[in-house]
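See structure below.
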């Protein structure tokens, strides 16, 4: 995002990004818990739909932001093959994936624990994570 926006717009867009994270952290568990009472698959379907919508919106907002003008006023695309970007950091991506996987284990087991120990349903667990 920083390289695709003019300097005077960056703070506004980073603020919006932070607000989106905040809304997601509060609303996500509540929506997931509410949807989970209807079907265990519904929270994942809702998450997939919201992610697809986010992808489309970001794609439309930042479309052609990688194009620059050269000295002859011709548009030059700055495209780098994806594999060239990934090769140097493949080990780092693996370590990050493992850290995220390990970080999600307590949340997953907490849901199972509260359902078995306290007979909570998915709505109550979702509201707990929202709080």
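Computed from the coordinates by the stated procedures, all read-outs in this text should not be read as laboratory data. Here the structure is a predicted model, which is why all the values come from computation and not from measurement. Glycine also receives a Cβ, built like all others from the backbone with ideal geometry; neighbour counts cover every protein chain displayed.
Residue ranges 32-41, 14-23 sort as 32-41, 14-23 when ordered by packing (mean number of other C-beta atoms within 10 Å per residue, highest first). Round to the nearest 0.05 the FRET efficiency obtained for residue 102 and residue 9 when R0 = 30 Å and r is the Cβ-Cβ distance. E(calc), rounded to 0.05, equals 0.20. With neighbours defined as other Cβ atoms within 10 Å of a residue's Cβ, the residues 9, 115 order from fewest to most as 9, 115.
In terms of the mean number of neighbouring beta-carbon atoms within 10 Å, the peptides 45-54, 119-128 order highest first as 119-128, 45-54.
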